Each structure stands twice: as C-alpha cells, then as structure tokens.
Amino acid sequence: MKKLILLMLVVGLGILGWAKSPREDAVDRLNNSATVLQEIMGAPDKGIPAEVLDHAKCIAVVPRMIKGGFVVGAKHGKGVATCRTADGWSAPAFFTITGGSAGFQIGLEGVDLVMIIQNDKGMQHLLSSKFEIGGEASAAAGPVGRHASADTDWKLNTEILTYSRAKGAFAGATLDGTSVQRDNDSTEAIYGSKVSSEDVLNGKIPAPQSAHAFLAAVKGAKAVAQSQ
C-alpha cells in the first residue's frame, strides 16, 4: 500500500513539469540552476567552501526539487550536471532525481539541491544511466561556510557531498535512497537522440548556447567563494 501511495505521489509531483515542452523545460532548468548557484555562493559565509569546489570532479544542481506527501513522503526533481575536462567544464547533462521516505508528512516544499561529485568513482556513477545515492554511490552532507574544516574527513571515501536550500536556509543534506537517472527527454531535446551522458560529461559534445549562463555560474562559484 505504501508503495502505491508513493508511486501516485511521485507521478502527481511530476505533473507540475508537464506543461512545457522538453526543450523549454531543459532551458529553464539551466537558467534556474545558474541562479541557484549564484544566490547560494553570494550569501556571505553560507556558501559551498572554496576547498570543496576546488576538489570537485562534477557539480550537479536541482533547482526547486519538490518534497511533499501525505502519510508517505516523496521527492522529485530535474537537474543538470557538468564535469571537469581537460578543456574546462563540460556541456551539461540532464537527469531526474526521485526518492521517498516513510513517516507522516503533508504539504509541498520547494528545495534547491546541489551535489558535489568528489572523485572518479562518483563521476563514473554520474556517467551511468542510473544510480542510487547511499546504494551504489556514497554520499554525505557537505560542509558549509567560507572555508572547509582543516581536517579532510569531507574528502575521504565519500563520493558525493550534498547540499540543500529551503526557505532561505542552506545546509548539508542527506539523500540516502534517492535515485538519479538520465533525463532522456531533455537530453534528446538539446543534443539529439544519439548522444550519451558519458560523451556530454567527458567533453566530447560542445556546450549549447543555452548552457552558457549555467557554465558561467559554475566557473564563477569558486572565485566568489575565495573572495568572501
């Protein structure tokens, strides 16, 4: 019964994004992701530390992920990701994120989500068509502030550092049990049907004009963190 309720809830949350075409949705997501990064990094002492950004293999953003439910909670969102290449940051890959949690919940809440992929193993998960956070990929709430702690615990073993912003508050997030999957509709709308996420994130596909604001925000995030 809980699985049925959860499925109905996730489908219901997905309806919120059905009004736009896949291309319109993808372009809006890129622009909203750029805004999320700029706003988070522009908050004094509340952004992602420069050391974490310097260590990042990939950066993924889910603007306005929807969390909500009744009896059984659920979360659903659509995001974009870019990875470091020899020539800078790659063109963005598109993905969806879905998960659930037991317990009484009611109502809807929009949450901005940022994931920092820290190592090659985490990057390989992102290159795949689907993986589960806390399952195939280890994750932990990331440090917040001008600088990361002097210790290196946040660097070791954890493949993904996760952050969320809700109602103006920015903090590390826990996403265990959340599924990340390639967004085929958005990928095809921007790049065509024969392009893989691996080719996009490995830098084999040029970035479209619509991605320039998002990639500029990614490139500028570290500079902002260092200046604070």
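What is the sum of charges around residue 85, taking Lys and Arg as +1, Asp and Glu as -1, for the other residues whose C-beta is under 14 Å from the C-beta of residue 85?
Spelling it out: positives minus negatives among the neighbours equals 0.
Would you kindly derive the ³J(HN,Hα) couplings of the stretch 20-32 from the backbone phi angles with the Karplus curve 6.51 cos²θ - 1.76 cosθ + 1.60 (θ = phi - 60°), listing them in order in whole Hz, with x for Gly and Pro?
Per-residue couplings from phi come out as 8, 6, x, 5, 4, 4, 5, 5, 4, 5, 4, 5, 5 Hz.
Among 25-32, 81-88, how do they line up from the highest to the lowest mean number of other beta-carbon atoms within 10 Å?
Answer by packing, highest mean first, reads 25-32, 81-88.
List, in the order given, every pair from 121/194; 194/222; 20/194 whose Cα-Cα distance in the structure shown is over 27 Å.
Pairs exceeding 27 Å: 194/222.
What FRET efficiency comes out for residue 141 versus residue 21 if R0 is 25 angstrom and r is the Cβ-Cβ distance? Round to the nearest 0.05.
Working from the Cβ atoms, E equals 0.10.
All of the numbers you see were taken from the coordinates with simple rules; none came from a lab. For clarity, every value in this text was computed on a predicted model and none was experimentally measured. Heads up, the Cβs are rebuilt from the backbone with ideal geometry, glycines too, and the neighbour counts pull from every protein chain shown.
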